[in-house]
Amino acid sequence: MADPKKLYIRTYGCQMNVYDSERMAEAMGGAGYVETGDAAEADMILLNTCHIREKAAEKVYSELGRLRGLKAANPDLKIGVAGCVAQAEGEEIMRRQPLVDLVVGPQSYHRLPQMEARVRAGEKALDTDFPLDDKFDTLRMRPKAKRGPTAFLTVQEGCDKFCAFCVVPYTRGAEASRPAARVLEEARDLVERGVREITLLGQNVNAYHGEGEGGDWSLARLIRALADIDGLERIRFTTSHPNDMTDDLIAAHGDCAKLMPYLHLPVQSGSDRILKRMNRKHTAEDYIRLIERIRAARPDILISGDFITGFPEETEADFQATLDLIEAVEYGQAFSFKYSTRPGTPAAERRQVDEDVKAERLHRLQALITAQQRAVQDAMVGRTVGVLFEKPGRLPGQMVGKSDYLHAVHVSDAGLDVGDLARVEIVESGANSLAGRVVG
Ligand code: 5AD
Ligand code: SF4
């Protein structure tokens with residue numbers, strides 16, 4: 001038998017792309033490919049791209065430029081662009097970069113094996129359809145190989161919210177949920193293969209409404225059914241919109257022991273005027289009241305968020321309102337970005353804020369967030385938390401895992417294995433992680 005061909009995938013962007021890359025590797029496994037971590041030995045390179053900000057898209061073009069040398073060294077090398085840049089700019093990429101053989105959008109990658117056959121025959125292949133056949137059905141049978149203790153599982157894709165800055169509703173399309181039975185089946189399969197923690201993914205995951213027994217299921221109902229799976233110890237979900245934070249989901253945070261006390265709930269701005277201009281359909285006050293209700297259900301929950309600085313027409317007073325909201329919420333984690341103009345979105349047409357103002361505001365916002373994150377992390381010292389160990393640490397006998405609150409925790413204990421879930425007393429808070437000792 002001929003040696004298997006080698007596939008190198010580089011993943012940009014969000015966790016949904018990480019999940020998609022795994023599924024693309026599986027699809028290509030069926031076409032005789034094994035994955036490699038070394039682009040230089042690959043027979044095919046796929047860039048799984050992100051389109052959310054301008055920089056993310058630019059990176060793809062510069063990475064393609066760098067691949068020119070590899071293609072010169074190996075004329076049989078095939079290069080493909082997948083993901084959201086492929087979806088949005090597929091034809092332009094093929095025009096601009098002749099070394100690209102294949103362009104595949106996030107809804108069509110189950111067709112990769114057929115596309116690969118075409119490019120091997122010397123054709124170019126482009127597929128950015130939103131096909132009626134369900135890619136998840138076609139990809140249902142993941143190979144039964146053992147895998148690490150944590151996994152992503154996409155349950156929902158697309159978004160109908162149309163925030164004025166965001167390309168997702170255009171690149172990932174309308175909101176769609178997978179049937180509950182399919183999700184449960186995939187989760188059971190993952191658990192059989194050694195997974196103990198599943199993070200449910202969706203661009204708007206708490207808008208989940210997959211068909212299930214007795215009608216559409218909410219995300220809370222899905223989480224409760226997943227919690228019944230023996231061997232699955234931890235459940236997380238991301239990313240959520242405040243307006244889809246339903247009472248049953250808030251209640252699940254209070255009474256479902258396997259649902260971890262961490263919630264990523266982006267608000268983007270603390271100014272009502274800007275929130276309105278962003279088409280967020282909630283006020284700063286709504287958000288703060290919502291956080292209060294979530295904390296009433298689960299007082300120790302760690303709140304995470306996303307922020308944009310310098311959205312069109314944002315004034316210093318608007319920005320100050322964002323800092324005030326951050327002060328009021330106390331975040332344990334946050335991601336923040338300068339507003340990036342995305343052609344085709346409503347905000348792209350409005351009066352833009354100067355780059356240096358965006359940058360200066362981002363700097364101030366990040367200083368506040370960093371201080372809050374640090375305070376929340378430091379307050380873990382002395383507490384006993386669950387830790388799921390994911391990999392050996394740098395020192396001999398050391399293991400690194402994630403706490404219930406998603407902090408990295410390292411422990412020196414020769415008795416630990418990858419996949420162990422232990423009670424750990426936190427003894428020290430370092431620059432980017434906590435140190436602890438196993439207590440049970
Ligand atoms: N500019 C800057 N940040 C953006 N995000 C989405 N679109 C843009 C944009 N055009 C951020 C939002 C979102 C996160 C995934 O990316 O904060 O929650
Ligand atoms: Fe984009 Fe999220 Fe807004 Fe949807 S809810 S448009 S994915 S920022």
Charge tally in the Cβ shell below 13 Å around VAL385, where Lys, Arg are +1 and Asp, Glu are -1, VAL385 excluded: +2
Given the Cα-Cα distance of ASP189 and GLN320 and 0.36 nm per residue of separation, how much length would full extension add, in nm? 42.4 nm
For GLN203, what is the net charge nearby, where nearby means another residue's Cβ is under 14 Å from its Cβ and Lys, Arg count +1, Asp, Glu -1? -3
Taking amide H positions as placed in the peptide plane 1.01 Å from N, state which residues far from LEU259 in sequence (5 or more) or on other chains have amide H under 5 Å from it. ILE235
Under 20 Å between alpha carbons, and skipping anything fewer than 8 positions from LYS5 in its own chain: which lysines qualify? LYS71, LYS78, LYS124
Hey, can you find the accessible area per residue of segment 5-127 for me, probe 1.4 Å, expressed in square angstrom? 41
Using 0.36 nm per residue of separation minus the Cα-Cα distance, give me the extension gain between ARG118 and ASP255 in nm, one decimal. 44.1 nm
Taking GluC sites (Glu not before Pro) that fall in a DSSP loop and have at most 12 other Cβ atoms within 10 Å as cut points, what is the longest piece of the chain between them? 214-440
Quick check: at a probe of 1.4 Å, how many percent of the accessible area of segment 5-127 sits on carbon and sulfur atoms? 49
Step by step: find N for segment 384-438, compute 2.2 N^0.38 Å, then divide the Cα radius of gyration by it. What's the final number? 0.94
Take every DSSP beta bridge whose two residues both sit in segment 88-211, then give the antiparallel share in percent to the nearest 5. 20
May I have the convex hull volume per residue, in Å³, for the Cα set of the chain? 160
Using DSSP to call loops (not H, G, I, E or B), can you name the trypsin sites (Lys or Arg not before Pro) in segment 102-135 whose Cβ has at most 16 other Cβ atoms within 10 angstrom? LYS124
Trypsin sites (Lys or Arg not before Pro) restricted to DSSP loop in segment 211-289 with at most 15 other C-beta within 10 Å: LYS281
Please give every one of the aspartates and glutamates within straight-line cross-link reach of LYS161, meaning a C-alpha to C-alpha distance under 19 Å, and leave out same-chain neighbours fewer than 8 residues apart. GLU175, ASP244, ASP272, ASP286, ASP306, GLU349
Give or take rounding to whole Å, what are the principal axis extents of the alpha carbon atoms in segment 330-376, in descending order? 39, 20, 11
Name the trypsin sites (Lys or Arg not before Pro) in segment 339-382 that are in a loop by DSSP and that have at most 10 other C-beta atoms within 10 Å, would you? ARG351
Which helices of the chain meet both criteria: a Cα extent of 24 Å or more along the helical axis and a mean Kyte-Doolittle score no lower than -1.0, with helices taken as whole DSSP H segments? 355-378
Log entry: pair-distance distribution for segment 5-127, C-alpha pairs binned every 10 Å from zero, whole % per bin is 14, 52, 32, 1
Please list, in chain and number order, the residues 5+ apart from GLY419 or on another chain whose amide H is under 5 Å from its amide H, with Hs placed from the backbone. PHE389, GLU390
What does the charge add up to near TYR12, with Lys and Arg as +1, Asp and Glu as -1, over the other residues with Cβ less than 9 Å from its Cβ? +1
³J(HN,Hα) computed for each position of segment 411-428 - Karplus, 6.51 cos²θ - 1.76 cosθ + 1.60, integer Hz, glycine/proline x: 9, 9, 7, 4, x, 8, 10, 4, x, 6, 10, 10, 7, 10, 8, 7, 10, 8
Equivalent ellipsoid, segment 216-368 (semi-axes from 5 times Cα gyration tensor eigenvalues, Å): 32, 16, 14
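The values are calculated or read from the model by the stated rules, or taken from the named source; none is laboratory data. Keep in mind the model is a prediction, meaning the values are calculated, not measured. Don't worry about glycine lacking a Cβ; one is built from the backbone with ideal geometry, like all the others, and counts go over all protein chains shown. Ligands, DNA and RNA are stripped out before the accessible areas are found, and what is left, the full protein with its side chains, is counted by its heavy atoms. Shrake-Rupley method; radii C 1.70, N 1.55, O 1.52, S 1.80 Å.
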